[in-house]
Each structure stands twice: as C-alpha cells, then as structure tokens.
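Reading through the structure tokens given below for one structure.
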Amino acid sequence: MNLSNSIKNKKRPFLIAGPCSAESPEQLLDVATKLALDGKTQLLRAGIWKPRTRPNSFEGMGEIALPWLIEAGKEVGLPVTTEVANSKHTELALKAGVDIIWIGARTTVNPFAVQEIADVLRGVDIPVMIKNPVNPDLELWIGAFERMEQAGIKDLTAIHRGFSIYKHPKYRNVANWEIPIALRERMPDLPLICDPSHITGNRDLLLEVSQKAMDLNFDGLMIETHPDPVNALSDAAQQLTPDALNRLLKSLVLRSNESSSLDDNELSEFRMKIGQLDDKLFDFLTERMHLAEQVGLFKREHNITILQQEHWTKSITSRLSKFEEYNLSERFIRQFMDAIHQESIRHQTKVMNR
Ligand code: PEP
Ligand code: MN
C-alpha cells in the first residue's frame, strides 16, 4: 500500500485507530470488527512492544502478539501498523507481514536507534510513520525522515503527539503546534497526522485537540481505541470505545482549506487589517529596541548590570495579572515578554560592549 497517497487522496481525516497495546487476540478482533463496521478507520494500530516510562508496568505482549494483529487486520480487511524501536522489532514486524511501521517518540529522539531501524529497512518497500521526538526539536524530527530517505524509504508520514513537559496544567504533553506547522513548511509534501490521545492523555479532551488539528489542516488522526478502555493494560485514561470514537468524529467540524474558491472579499479585508496591525507591531518593536539601546548606554555609563531582576519581575507580573483584560493566555504573555526581553538584552549587550 502507498500510505502517503492514500492519506492525500482521502477526505480528511484519514483515521488510524486501535488499542494502545495488543492485549489478546479477542481484544484486537473485537475492536477491529467494530472499527471496520463504522467504516471510518483506514488503518488498524496496536502496540506490541511498549516503551513505558517506569519499569514494572505492562511492557506489551511482545512477539506473540504480532500474528494477532495481522489476523485481526485480515479478518476485517484493514491494513495494520505497529511501533518498532530497534532492529529486532523491525525484523520481526517485517517477517510477520505488518503493512506499515511507526517509530515512537522515545525512538525518534535517538539517532542511533533511528539509524538502526533505517539499516534494517534498506531495500524494503514499506511505509514508515515517524512520531515527533519527545523533546521539542524540529531538526531531530527532520533528521529521522532524512535517515529513512537515505535508506530508500520514500513513503513517509509524520505523527504529531506532543512534547514532554514537567507538569502541564491540562495535557499529558504540550502540543507546541508551531513545530508541526514548521515541519509542514520544511517538508510540504509530507502527510501530517495528529495523535490527540498522547497529547491529551485524557479521553475527555480528545475532541478539542482533534478539532484543533483539523482546523490547522492536519491530514488525519491517530486515536487509541479499546473495547474496554477503563481496564486497558496501558494508557487507560486516554482510550475510547469505538462508539465514543464514532461520536467524536461526528462532532468534528471540517472546514475547507480552499479559501480561493470562495467569494473571499471579507476574508481578504480581515487579512489586510491583520497585516497592517502586524506591520505596526513590528514598528513598535523597532522603536522599543531603540529605547533599549539608550537604556544600555545609560547602564554602561553608570556601570550597572543589564539585568535588573526586580524591575523585570515587576514588569512581567503586571502584564500576567492582566491576562483577562488583554484576552490573551498567560502562556502567550509569558512567551511574548520573554522573547522581547531576550531581544532587549541582546540590544543592550551590543551597545554596552561597543
Ligand atoms: C503509542 O502510540 O502507543 C506510543 C507509545 O506513542 P508515543 O511514541 O507517542 O509515546
Ligand atoms: Mn499509548
């Protein structure tokens, strides 16, 4: 099968569904049958080897589960995919006849592991999906695609599953949407799938993240689906029953990404106004940095350090406290102020050391 063509030719969202982990032949067949009946799933997923954060959790059924997955796919007429993390997994998956493989976030992060997999795949005609690395590093993600390409693997797809973060207030991982968007800029032909299951870690939040992905023009979704989610052996909090998945898909609003076909006078007017505001924003920033340089000169003359922590803390706290009034998220205010501050320090340093 040519996965990237299937994704591009299919009406969005291309759907990958199935359990986090293969647990038994019955569980797989049960979920696969329901998914196939709904007719919305194009690819059946199941983890065979599970990369778990802590030891002594369920680490997947391993090799014996490969034929369960193959059989379930055959039975319902769906291609199947599983995660491989090293050469051994890859060899076993190929031998068993898995249609498509994916590289997980904890593997993409490691160029040795990615290269090891690429070396096994050299000369094999199989589609490969690559999840983003656990850390928000676009180059590392791109590097994994390049390793596959250099091994002759042409049929590649990206999966965005969010990035590890210490104590996110809402999600298991932070989405950092700007990274998949930047990937799309760098590799425009690469199909892009969102995995809201691993971003949210919570089945109640899957819809909002799936909707966001559709609004950002992602090509598809990978959603963990289990016949009895609460009793799943891994990722129990984020899995959905096939029925619930169906409801989620029905609630998605799919908007067209073709604005040129519409009578878009109104849209171009909005865009023009936004463009003008953005121009002003940059004029303000230029002016602001000019002032920062004057401050730098003053500090040089009086021999005081660039960073005056107390002043900075005060100015950021006062903006953060007004987030409601601004109608901006606290996170955005923080990032925006930090970026301005960094740039301001750069300007001050420049004049100080002149
Ligand atoms: C998975 O899809 O079950 C998985 C382990 O994903 P990730 O690599 O995104 O953590
Ligand atoms: Mn999982």
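Data table
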| quantity | calculated |
| --- | --- |
| Cross-link partners of residue 95 among lysines (Cα-Cα below 18 Å; sequence separation of 8 or more within a chain) | 74 |
| For the chain, share of DSSP beta bridges that run antiparallel, in % to the nearest 5 | 5 percent |
| Apportionment of accessible area to carbon and sulfur, the stretch 1-124, percent (1.4 Å) | 52 percent |
| Probe 1.4 Å, protein heavy atoms only - accessible area per residue of the chain in square angstrom | 53 Å² |
| Cα-Cα P(r), the stretch 14-149, percent of pairs per 5 Å interval | 2, 11, 21, 21, 20, 15, 8, 2, 0 |
| Kirkwood Rh and Cα Rg combined as Rg/Rh, the stretch 176-242 | 1.05 |
| For residue 47, distant residues with modelled amide H under 5 Å away | 21, 22 |
| For the chain, built as a Gaussian network whose Cα springs stay under 10 Å, the top-fluctuating residue of 280, 170, 95 | 280 |
| Angle in degrees between helix 242-251 and the longest Cα principal axis of the chain, rounded to the nearest 10 | 40 degrees |
| Inter-site label distance for residue 75 and residue 10 at 7 Å from Cα along Cβ, in nm | 2.1 nm |
| The stretch 235-354 - percent of accessible surface contributed by carbon and sulfur, probe 1.4 Å | 55 percent |
| On Cα atoms only, tilt of 138-150 relative to the major axis of the chain in degrees | 40 degrees |
| Candidate lysines for bridging to residue 8, where Cα separation is under 20 Å - those fewer than 8 sequence places away on the same chain excluded | 40, 131, 154, 212 |
| Shape box of the chain [Cα atoms, principal axes, largest first, Å] | 77, 49, 40 |
| Cα-based reach from residue 350 at 29 Å (exclusive), listing lysines while leaving out same-chain residues under 8 positions away | 280, 299, 314 |
| Highest average packing first - 230-236, 10-16, Cβ atoms within 10 Å | 10-16, 230-236 |
| Förster radius 45 Å - calculated FRET efficiency between residue 270 and residue 354, Cβ distance, rounded to 0.05 | 0.55 |
| Cα-projected label distance for residue 154 with residue 95, points at 7 Å along beta-carbon direction, nm | 2.9 nm |
| 3J(HN,Hα) from dihedral phi, the stretch 191-208, Karplus parametrisation 6.51/-1.76/1.60, rounded to Hz, x for glycine, proline | x, 10, 10, 9, 10, x, 4, 7, 5, 7, x, 8, 4, 6, 10, 5, 5, 5 |
| Average projected area [Cα convex hull, the stretch 111-213], square nanometres | 6.8 nm² |
| Length released on extending from residue 289 to residue 302, taking residue separation times 0.36 nm less the Cα-Cα span | 2.7 nm |
| Degrees between helix 87-96 axis and first principal axis of the chain (Cα, 0 to 90, nearest 10) | 40 degrees |
| Residue-by-residue Karplus 3J(HN,Hα) for the stretch 118-125, coefficients 6.51, -1.76, 1.60, Hz, glycine and proline x | 4, 5, 5, 7, 3, x, 9, 9 |
| Peptide ranges 96-107, 191-202 listed from the most packed, as the mean C-beta count within 10 angstrom indicates | 191-202, 96-107 |
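The values are calculated or read from the model by the stated rules, or taken from the named source; none is laboratory data. In this text the structure is predicted, and so the values were computed from the model without any measurement. With ideal geometry, Cβ positions are generated from the backbone for all residues, glycine too; neighbour counts draw on all protein chains shown. Side chains are part of the model used for accessible areas, which takes the heavy atoms of the whole protein and leaves out ligands, DNA and RNA. Shrake-Rupley method; radii C 1.70, N 1.55, O 1.52, S 1.80 Å.
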